[in-house]
Amino acid sequence: MRILISNDDGIHFPGIIALAKAMSELGEVYIFAPDVERSAASHALTLGSPLRVKEVPFEVPNVKAFAVTGTPADCVKIGIDFLAPEKPDLVVSGINKGPNMCCDIMYSGTVAAAYEGAYIETLSLAVSLNSYSADVDYTVAAKWGLKCARKLIETKADKNFVYNINVPNLPENEIKGIKTTKMGFIEYRGGYEKRVDPYGKPYYWVNGKPVVIDKNPDCDNNAVADGYVSITPLNRDYTAYSLMDSLKEMCKNIK
Ligand code: MN
């Protein structure tokens, strides 16, 4: 099988190296990833400048790796074109530095890269590690990504969804298992910190502190905090079907 891998932390980030190493057990690995970090790029595409694609040496044998001067979504789209006319058999994004849970899913370039796979009905996974430390080990998270990929392939999982996996930063034997979760609900308080530059002009850094609103243990963030790997199915179709009928009723007299 042919596996397309991307991320948003950049092509030389240790998380993508660990992921490529693990996934190469399943088949041929092709990496198309940003040349520099593009975290929080979400689904952005590059429209106003040309994209350069350069094959680069990679740490894992038999892996073809290409650095792209674009966003994670650009990278996966270019990777899909490169592999055409056949679709990749699997798209995996990560392993991200830091979790992608709750509303952070919306901003994540890692998750958005996986969405590009789901948009062409290819089995797609995003894998993130719950740590921002510089010196963490990504191999445990990579193993969980591989175990999940194997199971989803074997059980012919529905390809119209993104499977969003978050792994606690724990030694392998301390992880309690895997939980199927829903997207949690946190709120960021104190969004932007105002500072003043040496010329007296104000500038801002994003600096919100997350507050957990939904305490349900089956939410992604709470499951990971409890020591479980979290896997959340994400809709490719954003339509809120539960609202369709009442909205139709509300809107029927708008002229
Ligand atoms: Mn990232």
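Each value in this text was obtained by applying a stated rule to the coordinates, not by laboratory testing. Computed from a prediction, not measured in an experiment: that's the story for all the values here. Heads up, the Cβs are rebuilt from the backbone with ideal geometry, glycines too, and the neighbour counts pull from every protein chain shown.
Of note:
- Unique match (being within 13 Å of the ligand (Cβ to nearest atom) and either β-branched (Val, Ile, Thr) or under 22 Å from THR122 (Cβ atoms) (or both)) among ILE5, ILE11: ILE11
- On inspection, ALA84 fails the criterion of being surrounded by fewer than 21 Cβ atoms within 10 Å (Cβ to Cβ) and under 24 Å from GLY208 (Cβ atoms).
- Failed criterion for ASP197 (all others in (1) in contact (Cβ under 8 Å) with a residue 12 or more places away in the chain; (2) farther than 26 Å from TYR119 by Cα hold): (1)
- Tally of residues being within 18 Å of GLY145 (Cβ to Cβ) and either over 20 Å from the mean Cα position of the chain (by Cα) or of a type outside the set (D, E, K, R) (or both) across segment 175-200: 6
- Any hit, segment 201-212, residues being free of Cβ contacts under 8 Å to residues at least 24 places away in the same chain, surrounded by 11 or more Cβ atoms within 10 Å (Cβ to Cβ), under 23 Å from the mean Cα position of the chain (by Cα) and not in a strand (DSSP E or B): yes
- Residue within segment 220-227 that is in contact with a Pro (Cβ under 9 Å, 6 or more places away or on another chain), loosely packed, with under 10 Cβ neighbours inside 10 Å and not hydroxyl-bearing (Ser, Thr, Tyr) present: no
- Test for ILE153: is it buried (at least 19 other Cβ atoms within 10 Å of the Cβ) and touching a strand residue (DSSP E or B) at 6+ places or on another chain (Cβ under 9 Å): no
- Being acidic (Asp, Glu) and surrounded by fewer than 20 Cβ atoms within 10 Å (Cβ to Cβ) is true of GLU55.
- Number of the condition not met by GLY98 [criteria: (1) surrounded by 20 or more Cβ atoms within 10 Å (Cβ to Cβ); (2) under 23 Å from CYS148 (Cβ atoms); (3) within 17 Å of the chain's Cα centre (by Cα)]: (1)
- Selection within segment 23-42 - buried (at least 24 other Cβ atoms within 10 Å of the Cβ), closer than 22 Å to TRP144 by Cβ and away from the ligand (no atom under 13 Å from the Cβ): MET23, VAL29, ILE31
Matching residues to (1) more than 11 Å from the ligand (Cβ to nearest atom); (2) in contact with a Lys or Arg (Cβ under 7 Å, 6 or more places away or on another chain); (3) over 23 Å from SER131 (Cα atoms):
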{"site": "CYS75", "(1), (2), (3)": "yes, no, yes"}
{"site": "PHE82", "(1), (2), (3)": "yes, no, yes"}
{"site": "VAL92", "(1), (2), (3)": "yes, no, no"}
{"site": "ILE95", "(1), (2), (3)": "no, no, no"}
{"site": "MET101", "(1), (2), (3)": "yes, no, no"}
{"site": "MET106", "(1), (2), (3)": "yes, no, no"}
{"site": "ALA114", "(1), (2), (3)": "yes, no, no"}
{"site": "GLY117", "(1), (2), (3)": "yes, no, yes"}
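- Count of segment 113-136 residues, restricted to those that are of a type in the set (D, E, K, R) and not in a loop (DSSP other than H, G, I, E, B), is 1.
- Residues that are part of a loop (DSSP other than H, G, I, E, B), of a type in the set (Gly, Ala, Ser) and within 22 Å of ASN96 (Cα to Cα) within segment 168-200 comprise just one, GLY184.
- Residue that is farthest from ASP220 (Cα to Cα), among those in segment 122-135 that are touching a residue at least 12 places away in the same chain (Cβ under 8 Å) and more than 13 Å from the ligand (Cβ to nearest atom): THR122
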